[in-house]
Amino acid sequence: MKLFISNETIEIYKKTSDRTIQLLEHLFTTMNTHNINYNPLEIQLAHEIAAKLEDPNALSLYLTFAHQVPHEKLRELLDRVAGIPDRQIKRTRGALFTHLVNQYKQYGYDYSGN
């Protein structure tokens with residue numbers, strides 16, 4: 001079986017790819033509606049959290065946390081979540097981490113008692 005790709009097909013693909021890139025750039029710039037400029041430490045911490053929790057899809061959430069919550073508290077909660085045995089995790093480590101961070105943001109402390 002031979003596959004023939006014409007120059008016209010390549011040009012259509014290139015135009016489509018260029019348009020896709022433009023749409024993605026627009027999407028990413030409009031998604032950041034608050035125009036937050038994250039500093040390198042916040043970006044690094046968000047990546048660390050995503051890696052340790054094996055949850056790269058929530059990187060934007062972790063960036064928000066790194067911008068809003070003291071880094072020491074995030075590291076404390078991350079270590080706590082990472083230290084919980086797998087059998088005690090009901091959903092995911094990312095979900096538990098998010099829950100604990102939201103508790104901290106709402107109440108100013110961790111009220112779970114653990």
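Considering only residues that are closer than 17 Å to ALA51 by Cβ and either in contact (Cβ under 8 Å) with a residue 60 or more places away in the chain or of a type in the set (Ser, Thr, Tyr) (or both), look in the range 79-107 and name the one that is surrounded by the fewest Cβ atoms within 10 Å (Cβ to Cβ).
Filtering the range 79-107 for residues that are closer than 17 Å to ALA51 by Cβ and either in contact (Cβ under 8 Å) with a residue 60 or more places away in the chain or of a type in the set (Ser, Thr, Tyr) (or both), the one surrounded by the fewest Cβ atoms within 10 Å (Cβ to Cβ) comes out as THR92.
Looking at the range 64-78, I want the residues that are within 15 Å of GLN106 (Cβ to Cβ) and have a partner that is surrounded by 14 or more Cβ atoms within 10 Å (Cβ to Cβ) and of a type in the set (D, E, K, R) with Cβ atoms under 8 Å, at least 6 apart or on another chain. Which pairs are those?
Close Cβ pairs satisfying both conditions: LEU77/ASP110.
Taking the range 37-54 only, how many residues are more than 24 Å from ALA95 (Cβ to Cβ) and at pLDDT 85 or above?
Within the range 37-54, residues that are more than 24 Å from ALA95 (Cβ to Cβ) and at pLDDT 85 or above number 3.
Report every pair of residues separated by at least 6 positions or lying on different chains whose Cβ atoms are under 9 Å apart, first residue within the range 37-50 and within 20 Å of ARG80 (Cα to Cα), second assigned to a loop (DSSP other than H, G, I, E, B) and acidic (Asp, Glu).
Hits for this filter: ILE49/ASP55.
Please work out if HIS34 is of a type outside the set (A, V, I, L, M) and either modelled with pLDDT of 85 or more or surrounded by 10 or more Cβ atoms within 10 Å (Cβ to Cβ) (or both).
no
The values are calculated or read from the model by the stated rules, or taken from the named source; none is laboratory data. As the structure is a computational prediction, the values presented were derived from the model and not from experiment. Positions of Cβ are generated from backbone atoms using ideal geometry, with glycine treated the same way; all protein chains shown enter the neighbour counts.
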